[in-house]
């Protein structure tokens, strides 16, 4: 075997820890809430202007926060990042966040599914507040948090025969953190308002699922012509097999 072969094998062993660390634990919530740190805050807007930030504290999610559904985005569990609720008397900002430490391998995009808001009946849409889902990164090496993406939505009444609130796929540029171990934070913000006798509006829910990384590199490799070939810079002589549409191979 050539020295190049051994160098290639050694490089793979060096890269394996980084490749393994890139995986997001329980990325599709099949194991419920495990692997994610959950935080929330209810901020009275008449008392403070802090929308979320330092106000959030850890909480233990319930089964309702990781529902199991046969509907979209796929059969199985997903995370209810923001519930639809009216918290209490007054004007409230409601914040919820899930967080996980992740190593970002160079050449990757973060991809996930999200649904903002529910489909409503023929009435009541005016009493629903909007919801925002933000993708943030906290870099422990700098002590700074950065928002990478922000998505807005709300529950709404759909036109007859159409769906207006469904899961969609989103991609996030994380190139600024390639090669770093960071805290990935997915944060939802909504609000509610009510008096002692009536509710003016309550929060729109937000759901997320299927977090994963995809390569940003498009290969320029083209399949060589079937037959013998020679590459002096690599393994020398070789034979390329080309698979035909019927499953057979040609040389």
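The values are calculated or read from the model by the stated rules, or taken from the named source; none is laboratory data. No experiment lies behind these values; they were computed from the predicted model shown. Backbone-built Cβ (ideal geometry, glycine too); neighbour counts: all protein chains shown.
Table: residues versus (1) surrounded by 13 or more Cβ atoms within 10 Å (Cβ to Cβ); (2) modelled with pLDDT of 65 or more; (3) touching a helix residue (DSSP H, G or I) at 6+ places or on another chain (Cβ under 8 Å).
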residue	(1), (2), (3)
5	no, no, no
39	yes, yes, no
58	no, yes, no
66	yes, yes, no
79	yes, yes, yes
84	yes, yes, no
88	no, yes, no
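Sort out which residues of region 104-136 are in a loop (DSSP other than H, G, I, E, B), at pLDDT 90 or above and either touching a helix residue (DSSP H, G or I) at 6+ places or on another chain (Cβ under 6 Å) or buried (at least 17 other Cβ atoms within 10 Å of the Cβ) (or both), and write them in order of number. Walk me through how you get there before you give the answer.
We begin by selecting, within region 104-136, every residue in a loop (DSSP other than H, G, I, E, B); these are 104-107, 117-118, 121-124, 129-130.
Among the residues that remain, those that are also at pLDDT 90 or above are: 104, 106-107.
Listed by number, the list holds a single entry, 104.
Where strands (runs of 3 or more DSSP E) sit wholly within region 145-251, those with at least 1 residues that are at pLDDT 90 or above, surrounded by 10 or more Cβ atoms within 10 Å (Cβ to Cβ) and at negative phi occupy 168-173, 181-194, 206-215.
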